[in-house]
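A.B. asks: Once you've had a glance at the structure underneath, I'll fire off some questions.
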Amino acid sequence: MERKNITNTAKLVISVWNIGLFALVWIGFYNKFAFDRYRVLGAIMSIIIYGFIYFMMCNVYKAFRIASTNIGEVVFAQIVAYGVADLILYVECCLINNNYRNVFPGLFVAILQGIGTSVIVTITKRAFCKYVEPKPTLLVFGKNVSDRQVQDFSEKLLEKYKHLFSIRKRLSEEEQEEYILEEIEQNHTIIAYEVSQENRGKLLKRCSELHKRIYFTPTIEDILCQGSSYKQLLDTPLMKYDYRYEDKPEYAAKRAFDIVASVLLLIITSPLFAIIAIAIKAEDGGPVFFRQLRCTKNGVPFEIIKFRSMIVDAEKNGVQPCTGDDPRVTKVGKYIRKSRLDEIPQLINILKGEMSLVGPRPERIEHVEKYTKEMPEFAYRLRVKGGLTGYAQIYGKYNTSAYDKLRLDLMYIENQSLLVDLKIVMLTFRTMFQKERTEGFMLPSDSGRAEEE
């Protein structure tokens with residue numbers, strides 16, 4: 001059975017279920033309040049608007065990636081997608097009618113949407129794992145990669161995607177070229193893990209000839225090339241590298257977005273801000289905020305602000321990474337660190353222009369030199385302002401390697417735009433409920449939470 005048939009059918013059923021239920025409650029209850037006249041046209045336009053918002057949110061949250069995402073994440077993404085659409089159309093009804101309407105019919109339908117979506121996703125995932133055979137996969141790894149790294153990569157891949165990949169063989173790029181090219185013919189999918197550019201080029205050509213699917217890890221140079229654009233100045237194709245992080249109109253728009261978003265978020269979170277501050281003060285009488293020097297764009301130092309989640313003078317004996325059951329973490333601190341609520345005061349840093357809403361996490365001054373010495377490419381992160389959230393926080397995990405986190409940050413830098421920032425902000429709310437996501441930058445020698453206090 002083809003995997004696309006299963007996932008496409010599930011996508012259609014979920015869409016019909018969620019949009020259909022909305023259409024029923026809208027036509028049966030809300031439409032008459034929103035449109036006294038032209039009810040049919042009003043209902044049609046409202047359903048179209050709902051569908052547009054729903055599919056847009058599904059695209060942002062990857063809510064139809066059933067095959068490559070676990071059930072919980074897909075259901076959560078769907079709930080956010082139809083939930084936002086439901087809320088916007090309910091507000092539309094209230095504004096047009098100039099009066100609050102009963103919210104319970106909409107809530108009842110939202111519950112039905114969630115139940116139905118959960119059932120459909122669960123059935124689809126089980127059918128996928130039962131009837132779709134994982135594709136025979138060849139893993140080719142670089143000569144500078146250790147056996148341990150290959151093993152860790154394979155385990156992480158199969159831990160989440162064993163229903164997609166079946167690694168039949170692992171080969172070093174140092175194996176005979178003819179042997180590797182022959183093995184490509186015997187497998188459906190090829191994964192090139194940290195393979196040299198020269199050998200990767202050969203793999204790409206062979207896979208292209210045989211119509212094979214290939215995944216490969218990008219180099220820093222590959223990522224930097226994402227900031228390039230094609231130029232036809234001569235009869236020879238040229239590529240121009242654009243320094244997007246120095247583009248004045250883009251920077252002005254990003255700064256305006258930071259100001260508006262930080263002000264709105266400070267207003268929205270102000271009650272929570274007050275509750276956390278009172279709780280911290282009531283627990284041990286110490287200061288509410290924790291301040292620490294960090295580096296932002298061009299290595300400029302600034303004082304980052306966070307809610308204090310550890311005891312006073314937690315680092316009196318020097319810098320010590322925070323471990324899982326660190327006795328220095330306060331009772332209030334355990335909750336605000338787990339939910340990332342200790343980061344809320346950084347909205348003040350954003351408003352002051354010291355940080356951006358989206359960007360690489362700012363590092364401690366003493367760590368920048370250390371990281372740059374071990375990974376010279378780390379200096380590229382300092383081309384933009386440090387951010388409250390970013391690619392590494394969205395797509396990374398606690399065990400993501402330092403080099404992979406760096407690549408994620410550079411991917412953001414070379415692809416940044418207002419749309420990308422907005423997407424990352426929306427995805428950040430999802431990561432607040434996922435324990436395994438990373439928070440900062442750590443070298444292999446570090447342990448515990450990356451951002452010590």
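The values are calculated or read from the model by the stated rules, or taken from the named source; none is laboratory data. As the structure is a prediction and not an experimental result, all values here were calculated from the model. All Cβ positions, glycine included, derive from the backbone under ideal geometry; neighbour counts span all protein chains shown. These area figures cover heavy atoms from the full protein model, side chains too; ligands, DNA and RNA do not enter into them. Shrake-Rupley method; radii C 1.70, N 1.55, O 1.52, S 1.80 Å.
A.B. asks: Do any of LYS143/LYS405; LYS160/LYS373; LYS162/LYS240 go past 32 Å between their Cα atoms, and which? Present the calculation step by step, with values, prior to reporting the outcome.
C.D. replies: Details: LYS143/LYS405 22 Å; LYS160/LYS373 34 Å; LYS162/LYS240 40 Å.
Correct reply: LYS160/LYS373; LYS162/LYS240.
A.B. asks: Would you mind getting the accessible area per residue of the chain, heavy atoms of the protein chains only, 1.4 Å probe, in Å²?
C.D. replies: Values: 24120 Å² over 453 residues.
With the other protein chains kept in place, the chain gives 53 Å² per residue.
A.B. asks: Let me ask another. Taking segment 228-365, how much of its Cα-Cα pair set, in percent, is spaced more than 25 angstrom apart?
C.D. replies: Percentage above 25 Å: 42.
A.B. asks: With a Förster radius of 35 Å, plug the Cβ-Cβ distance of ASP284 and VAL260 into 1/(1 + (r/R0)^6) and report the FRET value to the nearest 0.05. Write down the numbers at each step before the final one.
C.D. replies: Numbers: r = 36 Å, r/R0 = 1.03.
The computed FRET efficiency comes out at 0.45.
A.B. asks: Another question, if that's okay. Using a ≥ b ≥ c from the Cα gyration tensor of segment 195-282 (square roots of the eigenvalues), is it rounded, prolate or oblate, where a/c under 1.5 gives rounded and otherwise the larger of a/b and b/c decides, a/b for prolate?
C.D. replies: Numbers: a/c = 4.28, a/b = 1.99, b/c = 2.15.
Taking the square roots of the gyration eigenvalues as a ≥ b ≥ c, segment 195-282 is oblate.
A.B. asks: A further question follows. Could you give the size of the charge dipole of segment 90-224 about its Cα centre, using +1 on the Cβ of each K and R and -1 on the Cβ of each D and E, expressed in debye and rounded to the nearest 20? Walk me through the numbers on the way to the answer.
C.D. replies: Working: 19 positive and 19 negative charges, 172 e Å.
That gives segment 90-224 a dipole magnitude of about 820 debye.
A.B. asks: Evaluate the Kirkwood expression for the hydrodynamic radius of segment 147-188, namely the inverse of the mean inverse distance over all pairs of different C-alpha atoms, and round to one decimal in Å.
C.D. replies: Numbers: mean 1/r = 0.0863 Å⁻¹.
Result for segment 147-188 stands at 11.6 Å.
A.B. asks: What would the Debye formula give as log10 I(q)/I(0) at q = 0.07, 0.08, 0.09 Å⁻¹ for the alpha-carbon point model of the chain, no solvent?
C.D. replies: Computed log10 I(q)/I(0) values: -0.46, -0.60, -0.77.
A.B. asks: Moving to a separate point now. From zero up to wherever the largest Cα-Cα distance of segment 1-131 sits, split into 10 Å bins and tell me the percent of pairs in each.
C.D. replies: Calculated P(r), rounded to whole percents: 13, 43, 27, 13, 4, 0.
A.B. asks: Any idea how far apart LYS231 and HIS188 come out in nm if each label point goes 7 Å out from Cα toward Cβ?
C.D. replies: 4.4
A.B. asks: Gain in length, ILE48 to GLU177, computed as 0.36 nm per residue apart minus the alpha-carbon separation, to one decimal in nm?
C.D. replies: Working: separation 129, 0.36 × 129 = 46.44 nm, distance 5.48 nm.
Length gained between ILE48 and GLU177: 41.0 nm.
A.B. asks: If you take the Cα atoms of segment 250-301, find Rg, then find the Kirkwood Rh from the mean of 1/r over all pairs, what is Rg/Rh? The partial results should precede the final answer.
C.D. replies: On the way: Rg = 15.5 Å, Rh = 13.8 Å.
That ratio is 1.13, to two decimals.
A.B. asks: Against the empirical 2.2 N^0.38 Å scaling, what ratio does the C-alpha Rg of segment 17-68 come to? The partial results should precede the final answer.
C.D. replies: Numbers: Rg = 13.5 Å, N = 52, 2.2 N^0.38 = 9.9 Å.
For segment 17-68, the normalised Cα radius of gyration comes out at 1.36.
A.B. asks: Taking amide H positions as placed 1.01 Å from N in the peptide plane, with prolines and chain starts having none, which residues 5 or more places from ILE344, or on another chain, fall under 5 Å of its amide H?
C.D. replies: Result for ILE344 returns PHE307.
A.B. asks: Can you give the FRET efficiency for LYS338 and ALA277, using 1/(1 + (r/R0)^6), R0 = 25 Å, r = Cβ-Cβ distance, to the nearest 0.05? All intermediate terms of the calculation are to be shown ahead of the outcome.
C.D. replies: Details: r = 18 Å, r/R0 = 0.72.
Given R0 = 25 Å and the Cβ-Cβ separation, E is 0.90.
A.B. asks: I need the phi-derived Karplus couplings for segment 380-391: 6.51 cos²θ - 1.76 cosθ + 1.60, θ = phi - 60°, integer Hz, Gly and Pro marked x.
C.D. replies: Listing the rounded values in order: 4, 5, 7, 7, 10, 5, x, x, 6, 9, x, 4 Hz.
A.B. asks: Oh, and also: Which of the DSSP-defined H helices in the chain satisfy a minimum axial length of 27 Å, computed from C-alpha atoms, and a minimum mean Kyte-Doolittle hydropathy of 1.0? Write down the numbers at each step before the final one.
C.D. replies: Values: long enough: 3-25 (33 Å, 0.77); 39-61 (33 Å, 1.60); 71-97 (39 Å, 1.58); 104-131 (40 Å, 1.07); 248-284 (47 Å, 1.03).
Qualifying helices, which must be both long enough and hydrophobic enough, are 39-61, 71-97, 104-131, 248-284.
A.B. asks: Report Rg (one decimal) and Dmax (nearest whole number) for segment 71-229, counting Cα atoms only, units Å.
C.D. replies: Over segment 71-229's Cα set, Rg and Dmax evaluate to 23.5, 75 Å.
A.B. asks: Long-range amide H contacts for SER228: which residues qualify at under 5 Å (H placed 1.01 Å from N, peptide plane, sequence gap of 5 or more or a different chain)?
C.D. replies: ASP242
A.B. asks: Also, quick follow-up: What distance in nm separates the simple spin-label points at LYS130 and LYS62, each placed 7 Å from Cα in the Cβ direction?
C.D. replies: Simple spin-label model gives 2.6 nm for this pair.
A.B. asks: Leaving out ligands, DNA and RNA, and with a 1.4 Å probe, what % of the accessible surface on the chain is carbon or sulfur?
C.D. replies: Values: 14720 of 24120 Å².
The value for the chain is 61 percent carbon and sulfur by accessible area.
A.B. asks: First check a/c for segment 356-411, with a ≥ b ≥ c the square roots of the eigenvalues of its C-alpha gyration tensor; if it is under 1.5, answer rounded, and if not, answer prolate when a/b is larger than b/c or oblate otherwise. Walk me through the intermediate numbers first.
C.D. replies: On the way: a/c = 1.67, a/b = 1.17, b/c = 1.43.
Judged from the Cα gyration tensor, segment 356-411 comes out oblate (a/c at least 1.5, b/c at or above a/b).
A.B. asks: Moving on to the next point. Ranked highest first by the average count of other Cβ atoms within 10 Å around their residues, in what order do 223-235, 285-297 fall? Don't skip to the end; give the middle numbers.
C.D. replies: Details: 223-235: 11.6, 285-297: 15.8.
Top of the packing list down: 285-297, 223-235.
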